[in-house]
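Laboratory data are not the source of any read-out in this text; all were calculated from the coordinates shown. Just so you know, these numbers come straight off a predicted model, no measurement behind them. Positions of Cβ are backbone-derived with ideal geometry, glycine not excepted, and every protein chain shown enters the neighbour counts.
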Amino acid sequence: MLTDLEIIKEQIGDGDLKAYEILFKQLYLPLVRFSQSLVHEKIIAEEIAADVLMSVWTNRQRISAVENLRTYLFIAVKNNSLKHLARTRRFVSLEDCNPVAQFQNPEGQLLSGELYRQIQDAIQQLPPRCKMCFQLVKEEGLSYKEAAAVLDISVKTVDAQIVIALKKLAERLDSLRR
Amino acid sequence: MNQENFIALLAKKLNGSITEAESAALEAAMNSQPEWARQAEILSKYWQTPLKTEVPEAAWLAHAALLGQQPVLRPAWKRRLPAIAACAAALLGGVLLLQHFRATRPAEITSVRETGPQARLRIVLPDSSLVMLNANSTLQFDSLAFVKGDRSVSISGGGYFDVHHDPRHPFIVHLPSGTIRVLGTAFNINDYNHSPEADISLLRGKITFTPKQATKTYTLLPGDKIVIRQGQQESVANAPVAAIAIKKTDTVAIAGKPYVADTAWMQDMLVLRNNQLKDLVPMLENRYGVKIIIQDEEVGAYSYSGEIGNNTLPQLLLALSSIHPFSYEEKGGNIILKKL
């Protein structure tokens, strides 16, 4: 779980490197994953995530103006990922879009390996927008409001997409039983 | 309860927004349907299995080593991250999803920005052109096409455009009453669907305007204002044809400073010094996207000194009428000011 980002933000604003370390360690991998689901290249995704985080440190005097640091970082990563795509003329296509599943590194297993794999596979079949919502909400722990801000859609849409995702997963569980 | 409702409740439970009553309903549903209970258990467990977020110490140390160094040979876009994030966040927003849906649902490519009755919106388009959208207006554009160089937007209502100069990619604005073609300029639009009259004022550069159902194209030079009045004449085919007039933009002197009346709505703060209410009407109409009718000359002659900040129209009317008393009411989208 994330510790209070509000406090971390204030501490970074005061030039506390330790606070920045906590921020980096908490959000680096989620931001890499999010970028990677757009740019599809791990090295580029790592560079974008590191750059965005570093800009927080470089501009720490102005960081208090940021309302929600986590949303801000995800949006910045999204914009830079899209910029990268625009520059390289590689647009996200339906076939290419692969959020979530290339990161099968859960921390501790509550479910059996096969069941977990089946669910992952069902997530792969979700429509892109649905998958993207699911990645941000479930995998990266964003609130509906935060995910909505990052994807520039309404909270209602996020809600609907999560329900669609869960329905598809339930259907997969249904079919496994038969 | 059907499966749809069950899943909706489960989603609420997982995101922690479930109420007590809903929780009880979910329990009851699971008791009546063992299969649902099984699914809920598996999905809850899956939901609680987090992805790894722990960063290897080495990665942090490598990152920390770079802190405080001036970036070397980094492209300009990286150095402007905060600005990019702040300005472009909302605007590039749609692009990602839009790209996804391009293959299947072309109708969803468009980004739509709308303003309510008292809101103004500053929009930076993907080509870095600036749009100030006035109240009660809608702007639509295709972010992906913009990135590819097809610069075309649709607007209904009022807006001020400062178009990024790019001779190779003409910038096209579709209005309810016609089409504007530009290279790099600044101009103001007033074309609300409910109003029979539309106008376009050019501040700098050059634009051409082609009215709907017309073959003639008008060229505007700086300081020109084109006024389009719908349904003035009947054409041979019986379709109403707009009456077109080219005028000069009006300037108002407010506190000794000249403002183009058509764009004064954009100023966040206007300082008034002995300005008569009737002279302020065009600016206020633009600013708030309403029609203001002064019924008594005496009211129009009231003079005001002070500042108009980011007030809503009701706040402003209350303030103005408490200095010099007058009554005001809204009737069919018009604000009518009367002597008390």
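Using bins of 5 Å that start at zero, the share of Cα-Cα pairs per bin across segment A:34-83 amounts to 5, 23, 30, 22, 13, 6, 1, in whole %.
Listed by chain and number, the aspartates and glutamates whose alpha-carbon sits under 15 Å from that of B:LYS45, ignoring those within fewer than 8 places in the same chain, are A:GLU107, A:GLU114, A:GLU139. Counting only lysines at least 8 places from B:LYS247 when in the same chain, those with an alpha carbon closer than 20 Å to its own are B:LYS206, B:LYS212, B:LYS216, B:LYS225. Ranking of B:SER154, B:SER128 by neighbouring Cβ atoms within 10 Å, starting from the fewest: B:SER128, B:SER154.
With R₀ fixed at 41 Å, the C-beta to C-beta distance from A:SER64 to B:GLU20 puts the FRET efficiency at about 0.60. Along the Cα-to-C-beta direction of B:GLN276, a point sits 7 Å from the Cα; which residues of segment B:290-324 have their amide N less than 18 Å from that point? So the set is B:292-306, B:324.
Rounded, prolate or oblate for segment B:273-340? Axes are the square roots of the Cα gyration tensor eigenvalues, ordered a ≥ b ≥ c, and the cut-off for rounded is a/c under 1.5. Because its axes are fairly even, with a/c under 1.5, segment B:273-340 counts as rounded.
Maximal additional length on extending the B:ALA319-B:GLU297 stretch stands at 6.0 nm, based on 0.36 nm per residue less the C-alpha distance. Residue pairs exceeding 19 angstrom between C-alpha atoms, taken from A:LYS42/B:LYS148; A:LYS167/B:LYS13; A:LYS25/B:LYS12; A:LYS78/A:LYS131; A:LYS25/A:LYS145: A:LYS42/B:LYS148; A:LYS25/B:LYS12; A:LYS25/A:LYS145.
Could you list the residues of segment A:7-26 with an amide nitrogen less than 11 Å from a label point located 7 Å from the Cα of B:TRP60 in the Cα-to-C-beta direction? In segment A:7-26, the label zone of B:TRP60 (backbone N under 11 Å from the point 7 Å along Cα→Cβ) covers A:18-26.
Dipole check for segment A:2-70: with +1 at the C-beta of Lys and Arg, -1 at the C-beta of Asp and Glu, and the Cα centre as origin, the magnitude is about 100 Debye.
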